[in-house]
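K.L.:
One structure is given below, represented as structure tokens, and several questions about it will come after.
The values are calculated or read from the model by the stated rules, or taken from the named source; none is laboratory data. None of these values were measured; they are calculated from a predicted model. Neighbour counts are summed over all protein chains in view; Cβ atoms, including those assigned to glycine, are modelled from backbone coordinates with ideal geometry. Surface areas here come from the heavy atoms of the whole protein model, side chains and all, with no ligands, DNA or RNA. Shrake-Rupley method; radii C 1.70, N 1.55, O 1.52, S 1.80 Å.
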Amino acid sequence: MKVLISWHAYMHDVADGSINIDGPTASFHAHYYKHDKHLLLSPEKEDDIRALHIHTYLKKNYPERDIEIIYMDIQD
């Protein structure tokens, strides 16, 4: 199984509540994704609105992909 593990780009994936389609996560899925699963890491404890926006965008545009948010609950 080929698994992509990545942090969402806090300042570059979501801007003003909208997905940046040229941001690293959306661009990777559009051009390079060849994985079985994507674990999208969030530093928050739960309900990270940016991670949720990214997840929703990816599932809407790539419904066949297995994408999961992992909440890490870590401080900067």
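K.L.:
Only bridges whose two residues both fall in the chain count here: according to DSSP, what percent of them are antiparallel, nearest 5? List each step's numbers first, then the result.
P.N.:
Values: 2 of 13 bridges.
Here the share of antiparallel DSSP bridges comes out near 15 percent.
K.L.:
Further question: Where does each of ASP66, ASP73 land when they are ordered by accessible area, with a 1.4 Å probe and the largest first?
P.N.:
Working: ASP66 70, ASP73 90 Å².
I get ASP73, ASP66, largest accessible area first.
K.L.:
Could you please put SER27, SER42, SER18 in sequence from largest to smallest accessible area, using a 1.4 Å probe? Don't jump to the answer; show the numbers that get you there.
P.N.:
Working: SER27 30, SER42 0, SER18 65 Å².
So, going from the largest accessible area down, we get SER18, SER27, SER42.
K.L.:
Ordering THR56, THR25 by how much accessible area each has at a 1.4 Å probe, largest first, what is the list? Walk me through the intermediate numbers first.
P.N.:
Numbers: THR56 90, THR25 10 Å².
Ranked from most to least accessible, the order is THR56, THR25.
K.L.:
Tell me the mean residue ellipticity at 222 nm calculated for the chain from its helices only (DSSP H runs of n ≥ 4, each -39500 (n - 2.57), averaged over every residue, nearest 500).
P.N.:
Numbers: 2 runs with 21 residues, N = 76.
Result for the chain: -8000 deg cm²/dmol, rounded to the nearest 500.
K.L.:
Please identify the trypsin sites (Lys or Arg not before Pro) of the range 33-76 that satisfy two criteria: DSSP loop assignment and at most 12 other Cβ atoms within 10 Å. Which are they? Display every interim value, and only then the final one.
P.N.:
Values: sites: LYS34, LYS37, LYS45, ARG50, LYS59, LYS60, ARG65; in loops: LYS34, LYS45, ARG65.
Loop-located and lightly packed - LYS34, LYS45.
K.L.:
Taking LYS2 as the anchor, which lysines have their alpha carbon closer than 19 Å to its alpha carbon, excluding any fewer than eight residues away along the same chain?
P.N.:
Partners found: LYS34, LYS37, LYS59.
K.L.:
Roughly how big is the chain's charge dipole about its Cα centre, with Cβ charges of +1 (Lys, Arg) and -1 (Asp, Glu), in debye to the nearest 20?
P.N.:
On the way: 8 positive and 13 negative charges, 80 e Å.
My answer is approximately 380 debye.
K.L.:
Roughly how many percent of the accessible protein surface of the chain is carbon and sulfur, given a 1.4 Å probe and a whole-percent answer? Kindly include the intermediate steps, with their values, before the conclusion.
P.N.:
Values: 2670 of 5140 Å².
Here carbon and sulfur together make up 52 percent of the probe-accessible area.
K.L.:
Just the accessible area for ASP48, please: 1.4 Å probe, Å², rounded to the nearest 10?
P.N.:
10
K.L.:
Tell me, what is the per residue accessible area of the chain in Å², probe radius 1.4 Å?
P.N.:
Values: 5140 Å² over 76 residues.
Solvent-accessible surface per residue comes out at 68 Å².
K.L.:
Per 0.36 nm of contour for each residue apart, how much would the distance between LYS34 and LEU52 grow if the chain were fully extended, relative to their Cα-Cα spacing? It would help to have the intermediate numbers written out before the result.
P.N.:
On the way: separation 18, 0.36 × 18 = 6.48 nm, distance 2.19 nm.
Stretched out fully, the LYS34 to LEU52 stretch lengthens by 4.3 nm.
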